[in-house]
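Scroll down for the structure; my scribbles are underneath it.
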Amino acid sequence: MRNNVSITTKMMDHMKSAGRLAGKVAIVTGASSGIGEATAKLFAEEGAQVVVGARRAAELNHLVDEIEACGGKAVALPGDVCDEAYARALVHLAETTFGGLDIAFNNAGTIGGMGPTIEVSAASFVETVTTNLVAAFLGAKCQLPAMLRRGAGSLIFTSSIAGHTVGFPGVASYSASKSGLIGLTQSLAAEFGPRNIRVNAILPGAVDTPMYRQMNATAEAQGFIANLHALKRVSSPEELARAVLYLASDDASFMTGAAMIVDGGTSINRT
Ligand SMILES: NC(=O)c1ccc[n+]([C@@H]2O[C@H](COP(=O)([O-])OP(=O)(O)OC[C@H]3O[C@@H](n4cnc5c(N)ncnc54)[C@H](O)[C@@H]3O)[C@@H](O)[C@H]2O)c1
């Protein structure tokens, strides 16, 4: 599923000079689809120069073409976020191509290790935690020195309400990894706040992305999930992207260590 929000050249011209991220350089991981793709586009529309990462080269190249066709600036580097050398290469690319790094949206993730917990293998638990949590740590570890060189920065992780406010059955690995991201957020926020780097997590409810459609293939399943939300629908990737933009921008200049819930009221709608 490709997201169908298009960038216009006029929008891009305006945003490059006056956008909320004008002059900023950002890394977005998991940018080949879903929330990451929508956020990379929005960041570019708002004037950021964007380094996009994920595993699928063709999708990343298509995204770069789309951003550049409208006058934005982006560069792609395909790879696996679990590999520290890849995390380092993304930062190197940001610094050599665009001159620094201001924003990192560590968003790549997987919903592995699902099912009855007593049947989940240790290997699949570790694989999920590695992709969702260890990779975020590796990303931050490589991005923070670049932000320190810049004298400021905004790091954002994609957690989930499944790791905080709502206990869903059968997703122990995923929930554990997403809870871990909140601890990571809080510790990094405390450690790097004195050096002008803000660190926050975004906690989506259900978002209509390929991951969501893979988990909820039938209309019945999608109806059930939508009904969990007070708004009685799931989010679009673009709605999430706007919340990420807020955390990335100076509008959130006094916000750090936060687990920001953007869940259409799922957390308050449990009876
Ligand atoms: N869709 C939802 O309902 C929902 C809800 C809460 C949180 N999230 C989180 O949002 C984030 C984005 O997911 P999405 O819904 O946009 O799904 P998606 O499947 O569209 O995107 C996932 C992205 O992560 C990338 N990715 C996965 N493993 C990777 C790896 N090892 N190396 C590099 N890239 C990798 C994929 O290539 C893809 O670009 C994930 O962290 C997910 O857990 C999603």
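The values are calculated or read from the model by the stated rules, or taken from the named source; none is laboratory data. Not measured: the values here are computed from a predicted model. Glycine also receives a Cβ, built like all others from the backbone with ideal geometry; neighbour counts cover every protein chain displayed. For the accessible areas, the whole protein counts, side chains as well, though only heavy atoms, and no ligand, DNA or RNA atoms are used. Shrake-Rupley method; radii C 1.70, N 1.55, O 1.52, S 1.80 Å.
Based on what the data block shows, is Arg242 closer than 29 Å to Glu59 by Cα and either assigned to a loop (DSSP other than H, G, I, E, B) or without any contact (Cβ under 8 Å) to a residue 24 or more places away in the chain (or both)?
Criteria not met by Arg242.
State which residue pairs qualify: first residue on the phi < 0 side of the Ramachandran plot and inside the range 115-126, second residue open to solvent by 80 Å² or more (accessible area, probe 1.4 Å) and outside any helix (DSSP H, G or I) in any location, beta carbons under 9 Å apart, and separation of 6 or more residues or different chains.
Pro116/Pro169; Thr117/Pro169; Val120/Met114; Ser124/Met114
Out of all the residues in the range 80-103, is one or more more than 30 Å from Glu127 (Cα to Cα), touching a strand residue (DSSP E or B) at 6+ places or on another chain (Cβ under 6 Å) and aliphatic (A, V, I, L, M)?
no
Please state which of the following conditions Glu220 fails to meet, knowing it meets all the rest: (1) in contact (Cβ under 8 Å) with a residue 12 or more places away in the chain; (2) open to solvent by 20 Å² or more (accessible area, probe 1.4 Å); (3) part of a helix (DSSP H, G or I).
Of everything listed in (1) in contact (Cβ under 8 Å) with a residue 12 or more places away in the chain; (2) open to solvent by 20 Å² or more (accessible area, probe 1.4 Å); (3) part of a helix (DSSP H, G or I), Glu220 misses just condition (1).
Being of a type in the set (A, V, I, L, M) and touching a Lys or Arg at 6+ places or on another chain (Cβ under 7 Å), is that true of even one residue in the range 233-250?
yes
Among the residues of the range 106-118, are any more than 14 Å from the ligand (Cβ to nearest atom), among the hydrophobic types (A, V, I, L, M, F, W, C), more than 19 Å from Leu184 (Cβ to Cβ) and open to solvent by 40 Å² or more (accessible area, probe 1.4 Å)?
Yes, the range 106-118 contains a residue that is more than 14 Å from the ligand (Cβ to nearest atom), among the hydrophobic types (A, V, I, L, M, F, W, C), more than 19 Å from Leu184 (Cβ to Cβ) and open to solvent by 40 Å² or more (accessible area, probe 1.4 Å).
Tell me the residue from Val81, Val126 that is within 14 Å of the ligand (Cβ to nearest atom) and surrounded by fewer than 16 Cβ atoms within 10 Å (Cβ to Cβ), please.
Val126
Yes or no: Ala146 surrounded by 15 or more Cβ atoms within 10 Å (Cβ to Cβ), at pLDDT 95 or above, at negative phi and in contact with a Phe, Trp or Tyr (Cβ under 6 Å, 6 or more places away or on another chain)?
When the stated conditions are applied, Ala146 does not pass them.
Just to be sure, is Ile67 modelled with pLDDT under 95, among the β-branched types (Val, Ile, Thr) and within 16 Å of the ligand (Cβ to nearest atom)?
no
So which residues in the range 48-59 are part of a loop (DSSP other than H, G, I, E, B) and crowded, with 16+ Cβ neighbours inside 10 Å, if there are any at all?
Of everything in the range 48-59, just one residue is part of a loop (DSSP other than H, G, I, E, B) and crowded, with 16+ Cβ neighbours inside 10 Å, namely Ala48.
So Ile161 passes all but one of these: (1) over 15 Å from the mean Cα position of the chain (by Cα); (2) of a type outside the set (S, T, N, Q); (3) open to solvent by less than 10 Å² (accessible area, probe 1.4 Å). Which condition number does it fail?
Unmet condition: (1).
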